[in-house]
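Notes for the one structure printed next.
Only the coordinates and a few stated rules stand behind these numbers; no lab work does. Quick caveat: nothing in here was measured; it's all calculated off a predicted structure. FYI the Cβ positions are ideal-geometry reconstructions off the backbone, even for glycines, and counts take in every protein chain you see.
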Amino acid sequence: MIDKQLLADFRKDFEETVKSLEQKYGLVISLGSIRYSPDSFEAKIECKEGESRDDVNEKEFKIYCKTYGLQPEDYDRRFAFQGKSYVIVGVRPSRRKYPICCQCVEDGKTYGFTASLVKKLLA
């Protein structure tokens with residue numbers, strides 16, 4: 001039976017398995033969101049040109065940052081929010097409300113922020 005734990009394990013194994021393909025072809029391969037039922041699942045596989053996920057994220061940030069009132073130099077900038085330190089690590093245009101991806105320095109988790117809040121915190 002397919003459940004959330006099986007899918008989490010599958011995602012982890014998938015990421016490990018595709019590393020050799022990423023190196024061989026100079027791509028970053030990611031598994032998108034997974035839709036599932038008790039006996040099947042489907043997911044989108046996305047391949048982007050780049051040496052690492054950080055490389056791909058930085059390129060995308062530089063393409064889309066001005067859309068959100070940010071500058072290319074804002075990639076990898078730090079700011080403080082609610083007593084924690086964050087670093088800007090990307091942008092996801094498909095996330096309309098929270099498109100700016102920031103990594104919490106303390107716990108390493110990635111969170112979405114609004115562009116207006118990030119601009120205010122960087123000022």
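The table for this structure:
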item	result
Simple spin-label estimate for SER40 and TYR111 in nanometres, 7 Å along Cα-Cβ	3.9 nm
Cα centroid separation - region 36-52 against region 69-123, whole Å	25 Å
Highest average packing first - 10-22, 65-77, Cβ atoms within 10 Å	65-77, 10-22
Local electrostatic count at LEU6 - Lys and Arg +1, Asp and Glu -1, tallied over other residues with Cβ under 13 Å	-1
Extension gain (nm, one decimal) between VAL87 and LYS59, 0.36 nm per residue minus Cα-Cα	8.5 nm
Charge sum, other residues only, whose C-beta stays under 13 Å from VAL87's C-beta, Lys/Arg counted +1 and Asp/Glu -1	-2
Relative contact order of the chain, pairs being alpha-carbon contacts under 8 Å that are 6 or more residues apart, as %	15 percent
Structure-derived Cα Rg over 2.2 N^0.38 Å - corresponding label in (1) 1.20; (2) 1.16; (3) 1.42	(1)
Exceeding the 24 Å Cα-Cα cut-off - candidates LYS97/LYS119; LYS4/LYS24; LYS84/LYS119; LYS12/LYS66; LYS44/LYS84	LYS4/LYS24; LYS12/LYS66; LYS44/LYS84
Only Lys, Arg (+1) and Asp, Glu (-1) charged, at Cβ; region 4-49 dipole about Cα centre in debye	100 debye
Of ILE100, ILE45, ILE63, the one that fluctuates the most in a GNM where the chain has Cα springs shorter than 10 Å	ILE45
Spherically averaged projected area of region 76-123 from its Cα convex hull (nm²)	3.1 nm²
Stokes-Einstein translational diffusion, region 4-49 - Kirkwood Rh over all Cα pairs, 0.890 mPa s, 25 °C, in µm²/s	216 µm²/s
Highest-first arrangement of 53-59, 35-41, where packing means the average Cβ count within 10 Å	53-59, 35-41
